[in-house]
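Throughout, read-outs are computed from the coordinates displayed, never taken from laboratory work. Since the model is a prediction, treat every value here as computed from it, not as a measurement.
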Amino acid sequence: MKKRTREKVALLVFALLVVLGGSVLLRYFETGRSFNMAATAVDDAFGQMSGYTAIVFDGTYDVLDALRPTKLPSVDGGAEERPETLGEMVAAELARLPLSMRERPVYASDVRSFYEEKGAGVLTLNVDDLARYEKPRILMAGDRKIGVVAVDYYASARQLKKLHDELASAGAESFVCLVPRLSCLADTDDFNVVIVTDDDQAEPGRGEGEGSAHIVYAPERGQVGVVLLTSLNVPSSKVYASL
């Protein structure tokens, strides 16, 4: 075999080994992430959450918003709410039910106490008021520093990197971004968690991964969303509709 042919074969073998090694490494990290998420679920079930961070927030999505009565002109020239459709009539009647007959909502304070009793560091966010987090802030969850910022405009990758660096320089160990819609962000690479507060096109309460970020859509009002972070910032999420 000629020298040049041997070199080509060697390069081909090397390339195959690199591809195979990369595939194995990727599978290792995927498996490790899944294992850590499973371990979080086990620790949560057994109440052993020391070293974990729980980010707790009330739901913002209202399934009855589309059924609300519209304001129509009244006989005296003013405006009054009158149901136009069957759905609006149902919503109006549900609102008249006594509290004892309605499903008891869950509050962030309930879930906060729940995780504090399990030993987790807990941070409660008011995702209904994004203006509170317009400027990057460091908030404490137990002994852990959580960097939080809200973005209600389109932010480029450079702007997001600047926000991340500002939080990092202030000592943030985990990074959380609040947005009304995911389309506000050019990418999510600079955050561990992205909480979407007002996207009626998404499935409320669903958590999904995109790059290094865990994306969560706020659940319905009366429910509570929770993002759990391990000490290594491996995220998972869940929704409490009852306790």
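Summary table below
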| quantity | calculated |
| --- | --- |
| Full-extension gain in nm, Tyr153 to Ala168, via 0.36 nm per residue minus C-alpha separation | 3.2 nm |
| Thr124 long-range amide H proximity, modeled H, under 5 Å | Val56 |
| Percent RCO, i.e. relative contact order, over the stretch 104-237, from Cα pairs under 8 Å lying at least 6 residues apart | 19 |
